[in-house]
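Below is one structure, written out as structure tokens; comments come after it.
Taken together, the values in this text are just the output of simple stated rules run on the coordinates, not laboratory data. Quantities reported herein were computed from a predicted structural model and do not represent experimental measurements. Because the Cβ atoms are built from the backbone with ideal geometry, glycine has one as well, and the counts that use them run over all protein chains shown.
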Amino acid sequence: MEVPAVPLPSALAAGTAPELEALFGESSNVAATFLQIELDLNLRLKELSFTDPVRYIYNPLEYAWDPHQCYVNKYCQARKEVLFLGMNPGPFGMAQTGVPFGEVKHVREWLGVNGLVGRPAVEHPKRPVRGLDCPQSEVSGARFWGFFKSLCGEPDVFFRHCFVHNHCPLVFMGETGRNLTPGELPAAQREQLLRMCDQALCQSVRALGVRTVVGVGKFAEQRARRALNAEGVEVRVEGVMHPSPRNPQANRAWQSIVTAKLEQLQIMPLLKGGKPSPLLTEPSGAHPLACVGLVP
């Protein structure tokens with residue numbers, strides 16, 4: 001039986017949003033462009049509604065905008081070589097912190113991201129948003145950022161050439177609070193959502209000037225390849241195993257598997273402070289401001 005459509009929480013609409021300076025903080029052109037792409041996507045996503053099995057929708061790019069723009073401004077001040085791309089936020093990661101794979105301890109203590117976190121308009125009682133005070137740890141995020149912490153030592157080493165982003169900013173939950181992936185949404189609604197996210201991804205890749213997109217998990221890899229190829233964005237698309245605890249192989253040996261893959265892709269030197277490999281594809285790039293219409 002179809003349930004009433006669930007609208008998105010109210011977005012940072014152009015007519016009611018604070019001034020861009022307040023929204024973006026101390027942003028470089030690259031960071032400001034990236035944040036503008038995300039705000040534009042928020043406005044488009046507001047047009048969508050979802051039916052059963054979706055009962056709750058969280059958008060951390062609204063209620064957790066403060067730590068999110070802190071993350072972007074801190075680590076996206078220049079163009080990048082590699083974009084690690086996740087699928088969408090987890091309930092105890094980015095849904096709490098506004099940071100992709102944003103397990104609370106690593107966000108606070110390693111990334112040094114802070115900021116006020118509000119709450120979604122409608123919360124599931126089993127999935128409250130507690131922000132950077134959330135006591136629960138997201139296993140995927142702890143594995144992801146823990147790996148790069150052990151490899152790079154300091155965040156600036158990782159972010160010198162790399163950045164992390166999600167294809168879709170929304171969290172979907174069913175009646176019981178079970179997390180729903182975009183692949184579990186009704187087909188027509190899923191395709192509307194993914195088309196909007198695809199467009200924003202292409203804009204983000206051009207803004208960042210990345211040479212390689214690494215999908216974290218098959219969904220992100222396949223969606224990125226499809227979207228970027230369709231738009232003629234010349235960038236290498238690869239993939240690594242998702243660190244999900246639902247994957248027995250990831251539970252056994254995720255770190256060693258990902259290490260071997262990053263070495264194969266010749267990305268490992270970048271994570272140890274080295275220079276980009278000449279074998280990486282040329283940047284995809286128009287001027288970062290051009291892709292959101294800020295320059296001719």
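Points worth noting:
- By definition, a body whose alpha carbon gyration tensor gives a ≥ b ≥ c is prolate when a/c is 1.5 or more and a/b is larger than b/c, and the range 100-189 fits this prolate description.
- Simple Cβ-charge dipole of the range 28-270, Lys/Arg +1 and Asp/Glu -1, about Cα centre, in debye nearest 20: 340 debye
- Distance between the modelled labels on E154 and L43, one decimal in nanometres: 3.9 nm (7 Å Cα→Cβ projection).
- Distance between the pseudo-spin-label points of S244 and Q266 (7 Å out from Cα toward the beta carbon): 3.2 nm.
- Couplings 3J(HN,Hα) of the range 215-226, computed from phi: x, 8, x, 5, 4, 5, 4, 5, 5, 5, 4, 5 Hz, in residue order, whole Hz [Karplus 6.51 cos²θ - 1.76 cosθ + 1.60, θ = phi - 60°; x for Gly and Pro].
- Gyration tensor verdict on the range 93-252 (Cα atoms; rounded if a/c is under 1.5, prolate if a/b is larger than b/c, oblate otherwise): oblate
- Peptide ranges 213-223, 57-67 listed from the most packed, as the mean C-beta count within 10 angstrom indicates: 57-67, 213-223
- Distant-in-sequence amide contacts of L180, defined by a placed amide H-H separation under 5 Å and a gap of 5 or more residues or a different chain, comprise F172, M173, G174.
- When peptides 268-274, 182-188 are ranked by their average number of other Cβ atoms within 10 Å per residue, the highest-first order is 268-274, 182-188.
- Our note on the geometry: Cα centres of the range 215-238 and the range 169-194, 20 Å apart.
- Across the options T33, Q136, G153, the greatest Cα extent toward the positive end of the charge dipole of the range 15-163 (unit charges at beta carbon of Lys, Arg, Asp, Glu) belongs to Q136.
- Three-way shape label, the range 41-86, alpha-carbon gyration tensor, a/c 1.5: prolate
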